[in-house]
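Novice: Please see the structure below; I have some questions.
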Amino acid sequence: MERRARQKRLIELVRALPAVQVQNRLMACTDRDIALSLAGTTSEEEASVLVHLARRKADRVREELALEERRRVDEKHIVYSLDLLIASLLGDRVMTGRRSYVRPRRPDRD
């Protein structure tokens, strides 16, 4: 499944699952994973996810999104974050495993 298909699946899950479950699972996910998962989505799709977060966490995710727009993050990191969020929403526990730092791609090594 490609990135956009995963993003659509994430949005579908957020809209279909009980709001309390979505909020609890997303609040436990890292800001970076949420931001990477939302990179390239429409403002409506972004808002449909961020509405489930506490205001301060949503603000941090927006800040992280702004940073991600300037970085050249490899597609595999974005897909990994999407897979973590989807698994967290579907499972009975939050999926973790992300390193704190994601190395951006160098333009000369694309």
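Bear in mind that the values in this text are calculations on the coordinates, not laboratory data. Note that the coordinates shown come from a computational prediction; the quantities given were computed from them, not determined experimentally. Cβ sites come from the backbone with ideal geometry, for glycine too, and all protein chains shown count toward neighbours.
Novice: Got a number for residues in segment 32-60 being closer than 16 Å to residue 19 by Cα and not acidic (Asp, Glu)?
Specialist: 10
Novice: Then there's this: Within segment 1-82, which helices (runs of 4 or more DSSP H) (wholly inside it) include 2 or more residues that are of a type in the set (Val, Ile, Thr) and surrounded by 14 or more Cβ atoms within 10 Å (Cβ to Cβ)?
Specialist: Correct list: 3-16.
Novice: Next question. Which of the residues spanning segment 84-94 are of a type outside the set (Lys, Arg) and surrounded by fewer than 17 Cβ atoms within 10 Å (Cβ to Cβ)?
Specialist: 87, 90, 91, 92
Novice: Cβ-Cβ under 7 Å, sequence separation 6+ or interchain: first residue in segment 43-69 and more than 13 Å from residue 33 (Cα to Cα), partner in a loop (DSSP other than H, G, I, E, B) and acidic (Asp, Glu). Which pairs?
Specialist: Cβ pairs passing all conditions: none.
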